[in-house]
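As structure tokens, the structure follows; a few thoughts come after it.
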Amino acid sequence: MIKSAICEMLGIEYPVFQGGMAWISDGKLAAAVSNGGGLGIIAAGNAPGDYVREQIKIAKSLTDKPFGVNIMLLSPYANDIAKIVLEEKVAVVTTGAGNPSKYIKEWLDAGIKVIPVVASVAMAKLMTRLGASALIAEGGESGGHVGELTTMVLVPQICDATTLPVIAAGGIANGRGVAAAFMLGACGVQMGTRFLSAYECSIHPSYKEKIIKAGDLCTMVTGKRLGHPVRSLRTPFARNYAKAEYSDISDEELENLGVGALKMAVVDGDAEKGCFLAGQIASVVNKEQSAAEIIKEVMSEVEPVLKKCEELVV
Ligand code: TUI
């Protein structure tokens with residue numbers, strides 16, 4: 001059995017978080033992951049407060065276990081959602097794509113565990129000083145909005161820079177990845193892409209199919225020109241967007257190209273116009289399973305890997 005400091009802190013069975021994926025991580029998926037012994041996380045993404053409150057209520061109706069809400073700090077509704085998590089007394093708040101400093105004290109005072117995603121050592125030190133409960137170190141192998149550094153490079157540096165428990169994210173989808181995260185100093189993992197193939201994940205069937213069929217070179221990063229690099233599957237949308245980035249169109253026109261593309265992938269499965277966010281590890285996701293099975297399978301793979309490493313010590 002594998003247990004770590006984060007299990008005790010949050011009252012979860014396995015040190016596995018499900019990433020807060022915009023438009024995807026709803027109350028149903030979060031509850032399934034929490035019921036499976038991990039930490040399910042509802043993604044606020046760019047959605048208004050009412051949507052998030054509704055998803056929190058759905059999760060509460062489906063599980064008695066702790067779950068979290070991820071606040072995407074670029075969202076125009078971030079302030080509203082920061083209040084809603086207080087009103088709804090959610091157990092855990094994770095943040096992404098920005099600096100959550102101004103909210104941290106109020107959340108901690110309300111007894112919420114605060115776990116920001118950090119993509120740099122400087123941000124890790126700041127969050128540690130402000131009293132964050134733990135950190136998620138997310139490398140650029142992950143899907144969606146990505147930082148500069150890879151998981152391999154980021155995680156050990158974050159671990160050296162903080163006394164807090166560190167959760168590794170980006171490029172992890174099996175037991176080998178979890179074991180590697182432990183080796184880098186993390187005490188848990190966050191997986192997003194692996195949960196895209198969960199039965200309880202309500203994305204369009206063609207999105208799931210694309211993930212299950214994806215190969216090693218299946219993703220690319222676009223959006224650097226506007227300062228928000230995003231990793232997604234290499235689809236017609238991503239290729240066209242990349243071409244446009246290097247053309248002479250205005251930033252405004254470029255921004256407009258991306259509007260609605262996430263929804264077109266998640267809801268409509270639109271192979272041409274959809275933006276299918278996915279991490280580089282999509283190629284190792286090869287079947288549909290329940291969220292609980294995913295967690296069990298991944299964690300059952302960890303022990304043999306760690307034991308094999310021990311044989312190296314003579
Ligand atoms: O947030 C994510 N992944 C996301 S958010 C998203 S929705 C979106 N839509 C349009 C444009 C951009 C995003 C899709 N995927 N992951 C967590 C994450 N946070 N990765 C990197 C960071 C990060 C980056 C910079 C965290 C803090 C940070 O600090 C910068 C600062 O403010 O100093």
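Take the residues in segment 60-108 that are more than 12 Å from the ligand (Cβ to nearest atom) and of a type in the set (Lys, Arg), then tell me which one is most open to solvent (accessible area, probe 1.4 Å). Across segment 60-108, the extreme among qualifying residues is 89.
Looking only at segment 143-185, residues that are out of contact with any strand residue (DSSP E or B) (no Cβ under 6 Å at 6 or more places or on another chain), at positive phi and either open to solvent by less than 40 Å² (accessible area, probe 1.4 Å) or part of a helix (DSSP H, G or I) (or both) come to 1 in all. As a summary of the residue check, residue 57 satisfies the conditions (1) under 30 Å from residue 129 (Cβ atoms); (2) in a helix (DSSP H, G or I); (3) open to solvent by 10 Å² or more (accessible area, probe 1.4 Å) except for the one numbered (1).
Within segment 109-146, the residues that satisfy the criterion of being within 11 Å of the ligand (Cβ to nearest atom), among the small types (Gly, Ala, Ser) and without any contact (Cβ under 8 Å) to a residue 60 or more places away in the chain are 119, 120, 122, 124, 137, 139. Within segment 40-52, the presence of a residue that is in a helix (DSSP H, G or I) and within 13 Å of the ligand (Cβ to nearest atom) is excluded. Would you confirm whether or not segment 250-263 contains a residue that is open to solvent by 40 Å² or more (accessible area, probe 1.4 Å) and over 30 Å from residue 98 (Cβ atoms)? Checking segment 250-263: not a single residue is open to solvent by 40 Å² or more (accessible area, probe 1.4 Å) and over 30 Å from residue 98 (Cβ atoms). Where helices (runs of 4 or more DSSP H) fall wholly inside segment 232-314, the ranges with 2 or more residues that are modelled with pLDDT of 95 or more and among the aliphatic types (A, V, I, L, M) are 236-245, 261-266, 291-310. Every condition in (1) over 19 Å from the mean Cα position of the chain (by Cα); (2) touching a residue at least 24 places away in the same chain (Cβ under 8 Å); (3) surrounded by fewer than 21 Cβ atoms within 10 Å (Cβ to Cβ) is met by residue 237 except one, and the failing one is (3).
The values are calculated or read from the model by the stated rules, or taken from the named source; none is laboratory data. Note that this is a predicted model, so its numbers are computed, not measured. Please note: Cβ atoms are built from the backbone with ideal geometry, for glycine as well, and neighbour counts cover all protein chains shown. These accessible areas exclude ligands, DNA and RNA; they are computed on the full protein's heavy atoms, side chains included. Shrake-Rupley method; radii C 1.70, N 1.55, O 1.52, S 1.80 Å.
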